[in-house]
Amino acid sequence: MLRCTICDDNKTSVSTIHNMICGLYKDRFDFKLAYGVEDFESGDSGDCDILIMDIDLLRSDGVNSSGIDLAEELKHTNPGIQVIFVSAFHEYAQDIFKAEPVYYLQKPVSEEKLKIAIDKALEEIEKNRNNRFVFTVGGDIVSIPVREILYFESDKRRMKAITVKEEHSFYSRVGDVEAMLDDRFVRCHQSFIINLEHVSSMRSNSLLMDNGSTIPVSQSRQKVVRVELTRFLGRTIA
């Protein structure tokens, strides 16, 4: 069963969206209902497949909090999460893309638009499930979600796959691994292949990844990496 979290500081909004989804997708989801920021942060609300998040949240002490920032931070530890933002204010629309939402809903949320958003999220979840990197370790077959891979590092005859959760080591050549990957991956150095989805920033000769790692960029590859990163970012926010 898929997990869906609904977070809004308005209990009526949470209840309305919850009831709509239950009517549209009977017994499809296990729900967590978070009534505001503190409720969301106090539990495991971020451990979900779909997050429906209000953008403008008010804490109990009266301080505003950004649902966009909460979702963006969550993406670092749960890259596969599908975020659907809801808001009554149009001015937030340009700010949501850094959290890579699957959809944006204007309040009051209609059942028709909600179904479009949920269907889109389900489509992306299915794509991610089918998009995995497979390798063998000691005769065992290991399969990890491609989207969770931050980078690969070559060390002689061994490759390390660094993900948001753990590190894997297996025998392979860097060229063979590179040939198995899609265009979100770029070889930035003789020993490194990085996932553009997890690049926080680029300097002239290095990349900062979401987990804080600094990855070298060889001089001969700097132009290609910059072009590919620009292309990827442009595609992401389009």
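The values are calculated or read from the model by the stated rules, or taken from the named source; none is laboratory data. Computed from a predicted model, the values in this text were never measured in an experiment. As a convention, Cβ positions derive from the backbone with ideal geometry for all residues, glycine included, and neighbour counts pool all protein chains shown.
Restricting to the stretch 193-203, count the residues that are surrounded by fewer than 21 Cβ atoms within 10 Å (Cβ to Cβ) and in a strand (DSSP E or B).
The total comes to 3.
Identify the single condition in (1) loosely packed, with under 12 Cβ neighbours inside 10 Å; (2) in contact with a strand residue (DSSP E or B) (Cβ under 8 Å, 6 or more places away or on another chain) that His189 does not satisfy, given that it satisfies every other one.
(1) is the only condition that His189 fails.
So is Glu72 in a helix (DSSP H, G or I), closer than 25 Å to Met209 by Cα and over 12 Å from the mean Cα position of the chain (by Cα) or not?
no
Scan the stretch 9-30 residue by residue and report those that are outside any helix (DSSP H, G or I) and either hydrophobic (A, V, I, L, M, F, W, C) or touching a Pro at 6+ places or on another chain (Cβ under 6 Å) (or both).
The answer is Phe29, and nothing else.
Among the residues of the stretch 87-100, is any buried (at least 18 other Cβ atoms within 10 Å of the Cβ) and either in contact with a Leu (Cβ under 8 Å, 6 or more places away or on another chain) or assigned to a strand (DSSP E or B) (or both)? Steps first, please.
Looking only at the stretch 87-100, we keep the residues that are buried (at least 18 other Cβ atoms within 10 Å of the Cβ), and these are 87, 96, 99.
Restricting the remaining residues to those that are either in contact with a Leu (Cβ under 8 Å, 6 or more places away or on another chain) or assigned to a strand (DSSP E or B) (or both) gives 87.
Yes - at least one qualifying residue is present in the stretch 87-100.
Going by what's in this entry, would Val102 be described as at pLDDT below 90, within 18 Å of Leu122 (Cα to Cα), of a type outside the set (D, E, K, R) and not assigned by TED's automatic domain parsing to the domain that holds Ser213?
yes
Would a scan of the stretch 31-54 turn up a residue that is assigned to a helix (DSSP H, G or I) and more than 21 Å from Asn78 (Cβ to Cβ)?
No, the conditions are met nowhere in the stretch 31-54.
So which residues in the stretch 171-184 are over 15 Å from Asp210 (Cβ atoms) and crowded, with 16+ Cβ neighbours inside 10 Å, if there are any at all? Walk me through how you get there before you give the answer.
Of the stretch 171-184, the ones over 15 Å from Asp210 (Cβ atoms) are 171-183.
Answer for the stretch 171-184, where residues must be over 15 Å from Asp210 (Cβ atoms) and crowded, with 16+ Cβ neighbours inside 10 Å: Ser172, Val174, Val177, Leu181.
Tell me which residues, restricted to the stretch 1-21, are closer than 23 Å to Gly80 by Cα, surrounded by 14 or more Cβ atoms within 10 Å (Cβ to Cβ) and either in contact with an Asp or Glu (Cβ under 6 Å, 6 or more places away or on another chain) or not aliphatic (A, V, I, L, M) (or both). Before you say what the answer is, go through the steps one by one.
Taking the stretch 1-21 and keeping what is closer than 23 Å to Gly80 by Cα, we get 1-8, 14, 17-18, 21.
If we keep only those that are surrounded by 14 or more Cβ atoms within 10 Å (Cβ to Cβ) as well, we get 2-8, 14, 17-18, 21.
If the condition is that a residue be closer than 23 Å to Gly80 by Cα, surrounded by 14 or more Cβ atoms within 10 Å (Cβ to Cβ) and either in contact with an Asp or Glu (Cβ under 6 Å, 6 or more places away or on another chain) or not aliphatic (A, V, I, L, M) (or both), then Leu2, Arg3, Cys4, Thr5, Cys7, Asp8, Val14, His18 are the ones that fit.
Hey, among Phe232, Phe152, which residue is touching a residue at least 24 places away in the same chain (Cβ under 8 Å), outside any strand (DSSP E or B) and closer than 23 Å to Lys127 by Cβ?
Working: Phe152 fails: outside any strand (DSSP E or B).
None of the others qualify; the one that does is Phe232.
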